[in-house]
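These notes are about the structure you will find just below.
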Amino acid sequence: MTGNDSQPVEDKQVTSDVLLKTLSNERRRYALYCLERYQTPIALADLADEVARLEHNAQTLTQIPGEDILQIYLDLYHCHIPKMEAANLLEYTQEQDTVQLLQDLSETKFNTIIEDCIDGDVDLINEIQPER
C-alpha cells in the first residue's frame with residue numbers, strides 16, 4: 001500500500017474536499033484522531049484496538065467482542081487505510097504493519113471537529129494517550 005510516486009510527501013497537500021470526504025466516515029475519523037494523538041508510527045492492530053474502544057465507548061478491550069475488533073482491523077486494512085493513504089493523509093508500512101500520519105492535522109482544527117463527532121466523550125478521548 002505504500003506509495004512510491006515521484007512527488008515528495010512534503011510537497012503534497014490535502015485539500016479541504018479530501019479531508020472532509022475522509023472525515024465523512026466515523027471509523028476514519030476515529031483512526032485519524034488516534035494517529036494524531038500518538039504522533040508516531042503505530043501498529044495497525046493497536047490502531048484497531050483504539051478505534052474499537054472509541055466505537056464501543058469502552059474503557060477496556062475486554063468489554064469488546066474479539067470478533068468486533070478483528071472486523072475493525074480488517075476494515076481498516078482493506079478499506080480505510082488505503083483510502084487515507086491515497087489521500088496523502090497517512091502512510092502504511094506493510095513490512096512492519098504500522099501506520100503513521102503524513103500531515104499535521106492540528107492546524108486544520110482537526111481535534112475540535114473529531115471531538116464534536118465523538119459526542120464530547122472527553123473521558124474516553126483522554127484515555128487514549130501515547131505510550132512514551
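Quickly rank 57-65, 71-79, 84-92, 97-105 as a protection proxy: mean count of other C-beta atoms within 10 Å, highest first. Don't skip to the answer; put the middle values down first.
Working: 57-65: 11.6, 71-79: 16.1, 84-92: 19.6, 97-105: 17.8.
So the peptides 57-65, 71-79, 84-92, 97-105, ranked by packing, come out 84-92, 97-105, 71-79, 57-65.
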Original post:
For Ala43 and Glu95 in one chain, what is 0.36 nm times their gap in residues minus the Cα-Cα distance, to one decimal in nm?
Top reply: 17.6 nm
**OP:** Estimate the FRET efficiency between Thr62 and Ala86 by the formula 1/(1 + (r/R0)^6), using the beta-carbon distance for r and 35 Å for R0, to the nearest 0.05.
**Re:** 0.50
**OP:** Express the carbon and sulfur contribution to the solvent-accessible surface of segment 23-107 as a percent, rounded to the nearest whole number, probe 1.4 angstrom.
**Re:** 46
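The values are calculated or read from the model by the stated rules, or taken from the named source; none is laboratory data. What you see is a predicted model, and the numbers here were worked out from it, not measured in a lab. Note: ideal-geometry Cβ built from the backbone for every residue, glycine included; neighbour counts use all protein chains shown. Heavy atoms of the whole protein, side chains included, go into the accessibility calculation; ligands, DNA and RNA do not. Shrake-Rupley method; radii C 1.70, N 1.55, O 1.52, S 1.80 Å.
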